[in-house]
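Only one structure is covered here, and it is reproduced in the block below.
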Amino acid sequence: MDEERLPSIIFSPRREDYSKNQGGGDSKYYNDEWKESYRDDIVSHFSSIMQRVSTNEIKFPSIPSIIKVTMKEKAIAKSHKPIDLFNSDYPIIGSGHLDELYVKMTSNSVNKLKEEIKTTQIKTKKVNISKIKNIENYNINEKINQSNIQNAVRNNEKIKLKFFDLQSDEENQKSITTFINNYVNNSSNFKKINYSEKLVAYSINVDTIEKLNEIKEFPTLKEISTFSKYTINNEVKKDKFKFNDEVEYPDENIDYPIVAVVDSGISLNNKYISPWIFDTISYVPDKYQDNFHGTFVAGMILYGNKINNFGMNIGKCKILNVVVMPSEKSNVGLTEEDLMIYLEDALKKYSDKVKIWNLSLGTSCECGDEVSDLAVFLDYLQEKYDVRFVISAGNYETIPLRDWEPKSKIKDRINPPADSALGITVGSIAHKPVSNFVDVNCPSPFSRKGPGPNFLVKPDVVHYGGNCTRDGQKIGYAVKSLDENGNIVEDAGTSFSAPMISSILANIYSKLDNKNLDLLLAKALLINNSTIPIKCDNENIDLHQYYGFGKPIDDVDEFIMCTKSKVQMIFKANINEGGFIEVYDFPYPKSLCKNVKWYCDVRMTLAYNPKLDSNFGQEYCRTNVDVSLGTYSVNEETGEVSFKGQIPLEKQWSDKYESQQVEYGFKWNPIKSYHGKHPKGVSGDGWKLRIECTGRSNFSFVEQEVFLIIEISDPDGNDIYSEIISDLDVKAFSHNELSITNRTRLQN
């Protein structure tokens with residue numbers, strides 16, 4: 001960037017910009033008409049429901065049963081959920097897929113609900129009835145991978161049990177106590193594991209398949225699964241190269257950002273890395289350690305840019321060495337429960353000093369439709385300790401590997417815990433070409449793709465993690481880093497693209513002087529300054545699934561600075577439930593209006609940490625924030641105001657089903673990023689910004705913090721920075737320059 005760098009502008013909404021949505025709900029019948037057959041279709045299922053519930057009550061007195069309600073496809077939006085029909089007598093306690101609801105029932109409430117469905121004349125309840133496709137008993141077999149569970153039982157491995165949250169501490173305790181009394185002979189064989197405040201699981205050993213089948217009949221048991229095991233792959237190049245640079249030592253007068261490398265350990269024998277080790281926490285005895293992978297990851301953070309000639313301006317980091325992964329040869333392994341214990345212990349010790357935590361590890365399974373338990377745990381830790389996990393997307397290793405552009409579908413979806421909603425998941429792109437296979441900047445053949453659960457954009461971003469041939473040969477195409485002894489070696493994988501993002505994010509955050517702006521702004525800045533580096537004409541390929549929002553720019557200073565002709569504005573707000581922000585006099589540069597047309601080149605990124613609840617499956621994210629920046633026009637005769645969203649380009653989402661809004665419209669995604677470019681201009685009297693926050697059906701919250709980055713560019717290179725500052729003053733916006741820290745320590 002040749003232009004003078006200027007500080008980004010941070011501003012807040014004025015009091016008059018806040019508004020409240022008017023009340024009102026969904027009052028339309030399915031297909032806009034009422035049919036008495038809607039009642040009959042549902043009531044016909046009640047005999048089998050009553051039979052199951054009655055049987056459960058005989059065997060397990062005072063323990064409720066669970067039924068599953070399935071909504072019709074056009075009726076799965078939050079405003080269409082049947083909350084008027086399902087009240088305190090038979091409450092909704094959770095959900096699975098977008099069209100599913102779980103309801104707590106007893107035999108008395110079954111009869112009462114049946115009668116109400118048959119006779120109610122209340123319109124809101126009749127509307128609810130018209131939107132229901134099916135009511136049936138909850139079938140736990142839908143939540144079991146039978147072969148995995150049976151293998152675990154035969155191998156005497158612990159299995160994981162999850163129970164429905166009955167929305168009552170007393171009922172939950174009674175449910176667990178009853179289960180223990182019926183199925184647990186030895187209390188030491190039944191252990192509680194807390195993944196979050198709302199997600200609790202239990203580990204148990206089950207001796208036989210017959211015992212497993214008995215357990216499955218317990219009415220409040222929600223899911224049976226196995227515990228994940230976490231691995232990393234070590235592939236060392238035999239021919240090593242000497243790294244002949246002089247050893248670089250940290251400057252005592254500089255406050256370096258710190259990245260926690262949660263991995264297999266970093267060798268202190270590496271003279272290039274050891275001076276940068278802030279501290280070491282080890283949960284693995286020395287005899288069980290193999291430090292290659294962890295050292296390679298640390299080498300990417302410190303020297304990856306230099307050794308691989310990436311041409312980046314990042315800045316150095318210190319490293320917290322968190323050793324959690326035993327060597328493969330030790331046959332010890334890393335269990336899910338152990339990883340959870342290690343992570344929280346390390347965070348208790350260092351979360352105040354270390355905000356970026358690199359996790360280049362994962363499982364061998366694909367993510368599912370619901371967020372994995374460990375991802376829920378990571379989200380819980382990120383909220384509790386105010387940190388951010390940077391997580392590798394995982395590697396697909398089945399030969400032949402995927403080419404670009406892929407011609408067929410393969411099971412290469414991201415590995416848990418890369419499905420964390422709050423974490424930053426990193427995929428890999430190639431920095432070197434493999435002839436007739438994968439070119440530079442294309443997704444690496446091994447890099448797993450999204451989406452995450454409920455179409456979360458995953459990976460969030462990508463960076464260089466190497467390339468390989470169709471049969472998986474990496475040598476000559478991999479990225480280079482350092483081994484335990486300071487030699488240059490090669491390897492490839494998303495394990496090594498993730499630390500590049502960790503380094504960038506840590507340096508962005510360290511430059512923000514006001515830490516009250518928190519990690520959310522750093523994440524937003526990272527995403528807003530990332531772009532997908534290729535184009536694809538194949539409409540069957542969704543580039544977001546491979547790249548997320550793209551690869552970050554190369555100069556960290558540009559993330560937080562701007563120029564006279566390319567202005568980065570940061571809008572910070574807290575939106576109350578049911579409220580929205582509407583800025584009718586948005587300070588869009590008037591110099592970009594020529595010949596009654598507004599010229600537009602705007603990049604916009606919205607970031608928020610949604611309220612989360614794992615009880616609701618695909619509806620894990622409980623709040624959604626939408627943004628629209630566009631032009632408005634006023635009818636001189638009627639005074640009527642019309643609005644046209646330009647970024648993102650307005651779509652008639654009201655005509656789309658909820659599932660389509662989720663899949664194609666970033667709905668419920670905690671990051672939304674758009675680029676709008678209108679070189680021929682758009683019409684309008686001025687510009688309006690609207691930000692709206694909504695919650696899931698029957699979910700209440702106080703407020704939602706939001707960061708919105710709006711980057712406006714003038715292709716002619718004129719000074720729109722001064723124009724925007726002047727306009728903010730005239731329109732009485734509270735604003736200031738984004739304060740940048742001086743990382744040089746003050747001397748005593």
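Looking at the range 238-297, which of the residues that are among the basic types (Lys, Arg) and in contact (Cβ under 8 Å) with a residue 60 or more places away in the chain is farthest from SER360 (Cα to Cα)? Show your work before the answer.
If we filter the range 238-297 for residues that are among the basic types (Lys, Arg), which is where we start, we get 238, 240, 242, 271, 287.
With in contact (Cβ under 8 Å) with a residue 60 or more places away in the chain added as a condition, the list becomes 240, 242, 271.
Details: LYS240: 23, LYS242: 25, LYS271: 23 Å.
Top of the filtered list is LYS242.
Counting the residues of the range 37-64 that are of a type in the set (D, E, K, R) and loosely packed, with under 14 Cβ neighbours inside 10 Å gives 2.
Scan the range 367-384 for residues that are crowded, with 16+ Cβ neighbours inside 10 Å and farther than 15 Å from ILE144 by Cα and the total you get is 10.
Within the range 146-161, being outside any helix (DSSP H, G or I) and more than 16 Å from GLU217 (Cβ to Cβ) holds for ASN155, ASN156, GLU157, LYS158, LYS160. From the list ILE301, ILE224, ILE266, ILE281, the lone residue that is closer than 30 Å to LYS353 by Cα, at pLDDT 90 or above and either in contact with a His (Cβ under 7 Å, 6 or more places away or on another chain) or assigned to a strand (DSSP E or B) (or both) is ILE281.
Among the listed residues ALA418, ALA506, ALA430, identify the single one that is under 26 Å from PHE241 (Cα atoms), of a type in the set (Gly, Ala, Ser) and touching a residue at least 12 places away in the same chain (Cβ under 8 Å).
On the way: ALA418 fails: under 26 Å from PHE241 (Cα atoms); ALA506 fails: under 26 Å from PHE241 (Cα atoms).
Only one candidate passes the filter, namely ALA430.
The set of residues from the range 101-142 being touching a Lys or Arg at 6+ places or on another chain (Cβ under 7 Å), farther than 23 Å from SER27 by Cβ and surrounded by 20 or more Cβ atoms within 10 Å (Cβ to Cβ) comprises TYR102, TYR138.
Any residue in the range 186-193 that is surrounded by fewer than 17 Cβ atoms within 10 Å (Cβ to Cβ), outside any helix (DSSP H, G or I), touching a residue at least 12 places away in the same chain (Cβ under 8 Å) and not assigned by TED's automatic domain parsing to the domain that holds ILE475? Checked against the condition, which is being surrounded by fewer than 17 Cβ atoms within 10 Å (Cβ to Cβ), outside any helix (DSSP H, G or I), touching a residue at least 12 places away in the same chain (Cβ under 8 Å) and not assigned by TED's automatic domain parsing to the domain that holds ILE475, the range 186-193 yields at least one hit.
A count restricted to the range 423-451 and to residues that are assigned to a loop (DSSP other than H, G, I, E, B), surrounded by 24 or more Cβ atoms within 10 Å (Cβ to Cβ) and not hydrophobic (A, V, I, L, M, F, W, C) stands at 5.
Can you tell me which residue in the range 673-723 is surrounded by the fewest Cβ atoms within 10 Å (Cβ to Cβ), limited to those that are within 13 Å of THR605 (Cα to Cα) and within 20 Å of the chain's Cα centre (by Cα)? Looking at the filtered set, the residue picked out is TYR674.
Being part of a loop (DSSP other than H, G, I, E, B) and not charged (D, E, K, R) is a property that ASN111 lacks.
Do we find a residue being among the hydrophobic types (A, V, I, L, M, F, W, C), assigned to a loop (DSSP other than H, G, I, E, B), more than 28 Å from ILE224 (Cβ to Cβ) and not assigned by TED's automatic domain parsing to the domain that holds TYR620 anywhere in the range 370-386?
There is no residue in the range 370-386 that is among the hydrophobic types (A, V, I, L, M, F, W, C), assigned to a loop (DSSP other than H, G, I, E, B), more than 28 Å from ILE224 (Cβ to Cβ) and not assigned by TED's automatic domain parsing to the domain that holds TYR620.
Among the residues of the range 313-347, the ones that are part of a helix (DSSP H, G or I) and more than 26 Å from GLU252 (Cα to Cα) come to 13 in all. Residue check: is LYS318 among the charged types (D, E, K, R), in contact with a helix residue (DSSP H, G or I) (Cβ under 9 Å, 6 or more places away or on another chain) and at pLDDT below 95? For LYS318, the condition - among the charged types (D, E, K, R), in contact with a helix residue (DSSP H, G or I) (Cβ under 9 Å, 6 or more places away or on another chain) and at pLDDT below 95 - is not met. Take GLU142 and decide whether it is farther than 20 Å from GLY368 by Cα, of a type outside the set (A, V, I, L, M, F, W, C) and assigned to a helix (DSSP H, G or I). No: the conditions fail for GLU142.
The values are calculated or read from the model by the stated rules, or taken from the named source; none is laboratory data. What you see is a predicted model; the values in this text were computed from it and never measured. We place every Cβ from the backbone using ideal geometry, glycine too, and count neighbours over all the protein chains shown.
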